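So the structure is just underneath, and the comments pick up after that.
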Amino acid sequence: MPLHGAALPTPAEERALHRAEERAVAACMRGAGFEYQEVPAAPTPSVNPYGLVTREGARQDGYGLTSAALAGPGADPNTRLTGGWSVERRTRWERALVGTAPHERTIAAPGAPSLRVNTDGCVYRSQATLYGRRWEEDRLALEGVNAKVIDTVTKSPRYVQARRAWARCMRDEDESYASPDDARGAVQELLAEAKGDADDLRRTARRELELAGRDAACQDWSELPAAVRASQREAETRLPDSARRLAARVSAARERVVRAEESAPPR
């Protein structure tokens with residue numbers, strides 16, 4: 001992960017952060033005079049920005065895509081909560097939650113897509129409460145730095161050479177893909193075609209395990225992970241000190257929230 005994963009929390013961290021964020025949103029909504037039911041976290045597969053996968057991870061869960069699809073998204077209890085309300089009451093609730101257009105602000109950072117936020121909504125305000133007032137700006141700026149590092153790595157001669165060796169290895173296994181991301185994308189396409197059909201999902205799961213296993217073996221053979229590590233170290237040495245300070249600031253904010261969530265009493 002670029003910058004020690006500062007821009008990409010682990011699935012376990014994401015779950016803790018989600019719980020903390022939902023609790024903060026609920027408190028904000030209560031303060032605004034509205035009910036709010038905390039939304040359970042949806043399962044998300046761990047994604048490496050270079051498509052790297054270990055043999056053990058591939059053996060256990062492939063890319064983690066089918067298992068996440070089978071678990072499904074967490075149901076939003078607020079749909080039921082607000083279902084019988086009048087249009088006027090539901091509109092006021094939604095405005096309290098996501099904010100209003102007169103308070104919209106656009107946040108921009110080099111290398112990252114711009115972000116529009118409504119600063120009067122509980123979604124935005126709860127983030128500021130948890131992480132600090134500059135959270136959205138810092139997070140977006142770090143996404144831009146992260147993207148720059150990844151782009152530099154994937155264009156480096158060492159990475160390109162290793163990726164081509166990986167592709168040759170995969171062709172020897174009757175798998176024609178130009179990159180690990182393409183292999184992962186093939187499973188995503190199968191999941192989209194399955195449309196929840198149980199038999200198709202079982203076939204997709206078997207295919208995912210098979211493909212991810214070959215992918216991981218070829219990554220080891222081509223030394224793709226080593227190429228990523230070496231190229232990434234080189235890319236990061238060229239970053240300005242401000243980028244490292246930014247990464248440390250974002251990581252510290254997330255870690256603070258995770259520690260607080262993990263030490264909170266069970267609910």
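With the whole protein complex present, residue 91 retains an accessible surface near 50 Å², based on a 1.4 Å probe.
Per the 1.4 Å probe, what fraction of the accessible area of the stretch 62-115, in percent, lies on carbon and sulfur atoms? So the carbon and sulfur contribution to the accessible surface is 57 percent. Report summary: the helix-based calculation at 222 nm, which adds -39500 (n - 2.57) for every DSSP H run with n ≥ 4 and divides by the residues of the chain, gives -21500 deg cm²/dmol.
Each Lys or Arg adds one and each Asp or Glu takes one away; over the other residues whose Cβ falls under 14 Å from the Cβ of residue 177, this sums to -3. Compactness of the stretch 165-267 was expressed as the Cα radius of gyration divided by 2.2 N^0.38 Å, which yields 1.57. Per residue, the chain exposes 57 Å² of solvent-accessible protein surface, assessed with a 1.4 angstrom probe and all protein chains in place. Write down the Å³ per residue value for the convex hull defined by the alpha carbon atoms of the chain. Spread over its residues, the Cα hull of the chain gives 156 Å³ apiece. What the Cα convex hull of the stretch 15-64 gives, in volume per residue, is 80 Å³.
Count the net charge of all other residues whose Cβ sits under 12 Å from the Cβ of residue 85, scoring Lys and Arg as +1 and Asp and Glu as -1. For residues surrounding residue 85, the net value is +1.
Distance from the C-alpha centroid of the stretch 167-223 to that of the stretch 1-33: 31 Å, rounded to the whole angstrom.
Principal axis analysis of the Cα atoms in the stretch 41-143 yields extents of 53, 40, 22 Å, listed in decreasing size.
The values are calculated or read from the model by the stated rules, or taken from the named source; none is laboratory data. From a predicted model like this one, the values you see are computed outputs, not experimental measurements. Every residue, glycine as well, gets a Cβ built from its backbone with ideal geometry; the counts of neighbours run over all protein chains shown. SASA here: full protein model, heavy atoms, side chains in, ligands and nucleic acids out. Shrake-Rupley method; radii C 1.70, N 1.55, O 1.52, S 1.80 Å.
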